Amino acid sequence: MEKEGREVVLLSKTIVTVFLCCWITVYSAVQAKCQETRLKSIPLQVSKAFATKYNRGTDAEWFRNDELYKVSFVQDEIYYFAWFTSNGKWLRSEYTIEPDDLPPVVKATLKKSQYANWQTGNANVFLYPDKAPQYQLFVYDNDWNELELFFDSEGKLLTQ
């Protein structure tokens, strides 16, 4: 009976080990696919689209993740990120602002919401083609639990 117990424990350990090895392999593959790769050169269409959209952008650093090109850069003393497709189509941009710099309608909505007494953190502006800007605000409760809020340009709370 004692021998059977040891065999069961050994079999259980083997199963757990095989499961962990498989999980680590799959996790590593997913992580590798999601990694951004820093680029030294980009397609001409992407470069032209960036120069047209952000003609005063400087200090550009390019990255690639799957089929998207991401650029970090500075324009008018603001640090941006922007995403483009491989054929140069601009998808979106974002930049950070101080929570005090959010539009008055967004601040008014926040004051009326259940998060009015929460601590505010980082705020970001999201720019899209053919769409008004959207605003992201991180808020924290007294236990430092974080929540990410999104607002449209009219101050409507979109998601939480």
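Can you give the percent of C-alpha pairs in region 93-160 whose distance is more than 14 Å?
Numbers: 1226 of 2278 pairs.
Everything past 14 Å amounts to 54 percent.
My understanding is that a pair violates if its Cα-Cα distance is over 20 Å; which of Lys48/Lys131; Lys53/Lys107; Lys53/Lys131; Lys40/Lys131; Lys89/Lys131; Lys40/Lys70 do that in this structure?
Numbers: Lys48/Lys131 22 Å; Lys53/Lys107 29 Å; Lys53/Lys131 16 Å; Lys40/Lys131 31 Å; Lys89/Lys131 15 Å; Lys40/Lys70 12 Å.
Over 20 Å Cα-Cα: Lys48/Lys131; Lys53/Lys107; Lys40/Lys131.
Of all GluC sites (Glu not before Pro) in region 50-131, which ones are in loop regions per DSSP and have a Cβ with at most 14 other Cβ atoms within 10 Å? Please list the in-between numbers first.
Numbers: sites: Glu61, Glu67, Glu77, Glu94; in loops: Glu67, Glu77.
Those satisfying the criteria are Glu67, Glu77.
Within 12 Å, Cβ to Cβ, of Pro103, how many net charges do the neighbouring residues add up to if Lys/Arg are +1 and Asp/Glu are -1?
Numbers: positive: Lys107, Lys156; negative: Asp100, Asp101, Asp152, Glu154.
Residues close to Pro103 contribute a combined charge of -2.
Bear in mind these aren't lab numbers, they're just calculated from the coordinates by the rules spelled out. This is a predicted model, so every value here is computed, not measured. Heads up, the Cβs are rebuilt from the backbone with ideal geometry, glycines too, and the neighbour counts pull from every protein chain shown.
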